[in-house]
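What follows is a short report on a single structure.
Every read-out reported here was derived from the displayed coordinates using simple, explicitly stated rules and does not represent laboratory data. Worth saying up front: this structure is predicted, and the values here are computed from it rather than measured. Every residue, glycine as well, gets a Cβ built from its backbone with ideal geometry; the counts of neighbours run over all protein chains shown.
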Amino acid sequence: MSDFKTARDFGRFKIIEITRAAKAAHLASALSCYDMIYYLYNHYMKINAIDDPKRDRFILSKGHAAAALYVSMYQASLLSAEELNSFGSIGSILEEHPSPKLNGIETASGSLGHGLAVAVGMALANKNKNIKNNNIVLMGDGEQNEGSVWEAALFASANSLDNLTGIIDYNKWQATDRSNEVLALNPLSSKWESFGWQSLEINGHDLNAFRDALNFKATGKPKIIVSHTIKGKGISFMEDDNNWHYRLPNEEEMLVIARELNQ
Ligand SMILES: [Mg+2]
């Protein structure tokens with residue numbers, strides 16, 4: 001899928017540009033999950049109209065990566081350039097964490113550990129209404145420390161929610177430390193399997209693998225995609241360097257970024 005490279009290079013550059021303009025944080029966290037969110041909005045989810053109750057649903061539970069969500073929505077023509085460029089400014093509907101003030105955002109997120117529970121509720125409601133849509137939630141690896149995640153996981157499998165897909169952006173960092181040093185997660189896939197979920201483990205930057213995982217039918221059970229990713233993906237000097245959790249590039253670094261992303 002090399003034809004997607006140009007669109008994703010553009011998207012990465014926009015993420016950096018709007019985050020820098022807003023003097024916001026979490027640039028590297030947005031870059032780690034951007035490939036997947038780009039694919040969801042631009043090549044997978046069915047959203048005929050943003051207010052169609054039968055549309056596919058997406059929750060970015062790691063709400064601090066909002067810039068990746070907004071750029072993906074912009075690329076899917078769900079946001080205007082003016083809206084995108086207002087990111088993080090006073091009065092903008094594009095807040096640094098997603099808010100339902102923006103049409104198409106299902107719930108406020110960023111207080112970690114809540115997105116899965118909301119997605120479970122949506123999946124159950126849609127199933128009860130016989131709506132055949134996809135209900136998708138993307139979580140961080142650090143979020144796997146939250147007890148509410150596992151409570152929702154139990155409920156989802158008990159209710160056979162095969163219209164629900166969880167994605168873990170497993171970038172091996174949480175805030176300022178290695179996630180497996182803060183609290184050991186491994187073996188992560190088998191933990192989810194023991195909770196009654198179908199687990200698939202992929203490279204989260206390989207869109208062919210991501211597409212196949214999304215299309216995998218887990219009959220009678222919810223599905224989790226454990227996606228191995230790189231924090232700061234796409235910029236040579238940001239990849240897996242956790243200084244970029246909060247840092248923003250200077251003018252000189254912006255020139256290197258523009259060159260690396262062909263902008
Ligand atoms: Mg992480």
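Only one entry in 16, 59, 50 is of a type in the set (A, V, I, L, M) and out of contact with any helix residue (DSSP H, G or I) (no Cβ under 8 Å at 6 or more places or on another chain), namely 50. Note on the range 158-190: residues that are over 14 Å from residue 222 (Cα atoms) and within 16 Å of the ligand (Cβ to nearest atom) amount to 19. Inside the range 146-160, residues that are closer than 20 Å to residue 184 by Cβ and surrounded by 17 or more Cβ atoms within 10 Å (Cβ to Cβ) make up a count of 3. Any chance the range 115-130 includes a residue that's surrounded by 21 or more Cβ atoms within 10 Å (Cβ to Cβ) and either within 16 Å of the ligand (Cβ to nearest atom) or farther than 29 Å from residue 190 by Cβ (or both)? Yes; the residues of the range 115-130 include at least one that is surrounded by 21 or more Cβ atoms within 10 Å (Cβ to Cβ) and either within 16 Å of the ligand (Cβ to nearest atom) or farther than 29 Å from residue 190 by Cβ (or both). One residue stands out in the range 57-93 among those that are touching a residue at least 60 places away in the same chain (Cβ under 8 Å) and assigned to a loop (DSSP other than H, G, I, E, B): the one that is nearest to the ligand (Cβ to nearest atom), namely 62.
Mind listing just one residue for me: the one in the range 140-157 that is touching a strand residue (DSSP E or B) at 6+ places or on another chain (Cβ under 6 Å) and within 16 Å of the ligand (Cβ to nearest atom) and, of those, farthest from residue 197 (Cα to Cα)? Quick ask: steps written out before the conclusion?
Of all residues in the range 140-157, those touching a strand residue (DSSP E or B) at 6+ places or on another chain (Cβ under 6 Å) come to 140-142, 156.
Narrowing further to those that are within 16 Å of the ligand (Cβ to nearest atom): 140-142.
Details: 140: 18, 141: 17, 142: 19 Å.
Restricting to residues being touching a strand residue (DSSP E or B) at 6+ places or on another chain (Cβ under 6 Å) and within 16 Å of the ligand (Cβ to nearest atom), the top hit is 142.
List the pairs whose first member sits in the range 162-181 and is surrounded by fewer than 20 Cβ atoms within 10 Å (Cβ to Cβ), whose second member is assigned to a strand (DSSP E or B), and whose Cβ atoms are under 7 Å apart, counting only residues at least 6 apart or on separate chains? Every condition considered, the pairs that remain are 172/178.
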